[in-house]
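The values are calculated or read from the model by the stated rules, or taken from the named source; none is laboratory data. Only a predicted model underlies this, so the values are computations on that prediction, with no experimental measurement involved. Glycine also receives a Cβ, built like all others from the backbone with ideal geometry; neighbour counts cover every protein chain displayed. Just the protein is used for accessible areas: all its heavy atoms, side chains included, with ligands, DNA and RNA removed. Shrake-Rupley method; radii C 1.70, N 1.55, O 1.52, S 1.80 Å.
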Amino acid sequence: MKRILVTGATGQIGSELIPALRKRYGSENVIAAGHKTQPDKELSEGGPFLSLDVRNFAAVEKIVKEHRIDTIYHMAALLSAFAEKDPLLAWDVNINGLRNILETGRKFQCSVFFPSSIGAFGPSTPADDTPQDTIQRPTTIYGITKLTGELLCDYYFHRFGIDARGLRFPGLISYKTMPSGGTTDYAVEIFYAAVRGKRYECFLKQGTRLDMMYMPDAVRAAIQLMEADPAKLIHRNAFNVTAMSLAPEDLYREIKKHIPEFTMTYKIDPMRQAIADSWPHSMDDSAARKEWGWKPEYDLAAMTQEMIERLSERFEQ
Ligand code: SER
């Protein structure tokens with residue numbers, strides 16, 4: 001029987017991954033662990049919820065031991081723009097947190113899921129059809145922590161046999177929990193503005209094309225990878241996965257099909273623009289497709305329609 005710990009429980013991914021895992025493996029078998037943010041009712045009442053700072057090794061160890069955890073989805077991390085504002089904190093949370101998870105995983109024989117990112121690539125990486133195996137020289141502290149994380153996960157697999165697996169997530173679009181401090185956040189904020197009848201001021205410039213994915217696909221990808229037959233995995237940390245490649249104006253045009261009066265202007269944030277400019281435009285995810293059957297379900301049109309429907313329901317209440 002699976003006993004799962006999810007760190008970063010109240011974050012953008014955690015808050016949707018946990019209900020999906022609880023549905024699949026039983027509520028009592030999925031322990032949600034968050035740090036500063038208060039959980040909503042679904043998280044705190046839908047199963048066990050604990051407070052955890054992943055930088056505290058003893059606390060990580062205690063939870064894993066007491067709850068007989070065998071699988072850890074380690075989602076706690078600082079996103080790219082926040083990380084750039086406080087690089088040392090980003091290193092502390094993203095790297096020391098992961099080290100604590102992997103070390104505990106080694107002690108108690110847990111499988112570990114690690115979310116890497118398009119940020120693990122840099123300006124010298126081929127930006128179009130970015131290969132699975134290619135040059136990785138990220139120029140952001142976030143990217144450096146993600147690339148280090150990929151290497152550390154592979155190291156724990158080869159050296160200690162820890163079943164660590166990861167995905168390089170693109171920008172994730174979701175309606176449940178806002179991302180915070182990321183460079184791709186515009187792709188979520190734009191929907192909130194559109195549905196509330198407001199103008200959106202985009203902080204990335206026209207033509208900034210990045211990989212994106214709708215959250216249900218991201219959650220399914222993580223679970224599917226962790227359930228994949230290990231004998232079929234040639235790669236582990238971490239797989240390119242993508243669903244669409246978008247620039248702000250593409251999203252704007254699609255939203256306007258549903259909300260014709262919506263308007264968007266641009267006010268560029270130089271820091272986030274520089275981060276975005278160092279990332280790929282579109283990743284080649286054929287290794288994930290071949291090795292464990294990855295296939296996204298949502299394209300731009302399907303994602304946009306559902307985002308608008310869900311957010312409209314919420315704001316009408
Ligand atoms: N969504 C993340 C960010 O913008 C990228 O992985 O930081």
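Relative to the compact-globule scaling 2.2 N^0.38 Å, provide the ratio for the alpha-carbon radius of gyration of region 201-317.
Here the Cα radius of gyration is 1.25 times the empirical estimate.
What does the charge dipole of the chain about its Cα centre add up to, to the nearest 20 debye, if the Cβ of each Lys and Arg holds +1 and the Cβ of each Asp and Glu holds -1?
The dipole of the chain has a size of about 580 debye.
Based on a Kirkwood Rh over C-alpha pairs, give the Stokes-Einstein translational diffusion coefficient of region 1-91 at 25 °C and viscosity 0.890 mPa s in µm²/s.
Taking Rh from Cα pairs, D becomes 183 µm²/s.
Go ahead and set up a Gaussian network model of the chain, Cα springs under 10 Å, then flag whichever of Arg99, Arg289, Arg165 fluctuates most.
Arg289
List the residues whose amide H sits under 5 Å from the amide H of Phe239, counting only those 5 or more places along or on another chain, with H placed 1.01 Å from N in the peptide plane.
Gly166, Leu167, Arg168
Probe of 1.4 angstrom, ligands and nucleic acids ignored: what's the accessible area per residue over region 1-125, in square angstrom?
On a per-residue basis, region 1-125 sits at 42 Å².
In degrees, nearest 10, range 0 to 90: what is the angle between the Cα axis of helix 141-160 and the longest Cα principal axis of the chain?
Between the helix axis and the principal axis of the chain, the angle is about 30 degrees.
Springs between alpha-carbon atoms under 10 Å, Gaussian network over the chain: tell me which of Pro230, Pro216, Pro170 tops the mean-square fluctuations.
Highest fluctuation among the options: Pro230.
Run lengths n ≥ 4 of DSSP H only: what is the helix-derived mean residue ellipticity at 222 nm for the chain, with -39500 (n - 2.57) per run over all residues, to the nearest 500?
It comes out at -13000 deg cm²/dmol, rounded to the nearest 500.
Heavy-atom accessible area of Asp53 with all protein chains present, probe 1.4 Å, nearest 10 Å²?
Ignoring ligands and nucleic acids, Asp53 comes out at about 40 Å².
Can you tell me the Rg and Dmax of region 156-254, counting just the alpha carbons, in angstroms?
16.6, 54
If the elastic network links every pair of Cα atoms under 10 Å, which of His281, His74, His158 fluctuates the most in the Gaussian network model of the chain?
Ranking His281, His74, His158 by mean-square fluctuation puts His158 first.
Considering all projection directions equally, how large on average is the shadow of the alpha-carbon convex hull of region 256-317, in square nanometres?
7.1
Please report the equivalent ellipsoid semi-axes of the chain, computed as sqrt(5 x eigenvalue) of the Cα gyration tensor, largest first, in whole Å.
30, 23, 18
Through the Karplus equation 6.51 cos²θ - 1.76 cosθ + 1.60, θ set to phi - 60°, convert the phi angles of region 233-244 into ³J(HN,Hα) values in whole Hz; use x for Gly and Pro.
Along region 233-244, the couplings run 8, 8, 9, 9, 10, 9, 7, 4, 9, 8, 10, 7 Hz.
Which peptide among 172-178, 202-208 comes first, and what is the full order, when sorted by highest mean count of other Cβ atoms within 10 Å?
Highest to lowest by the protection proxy: 172-178, 202-208.
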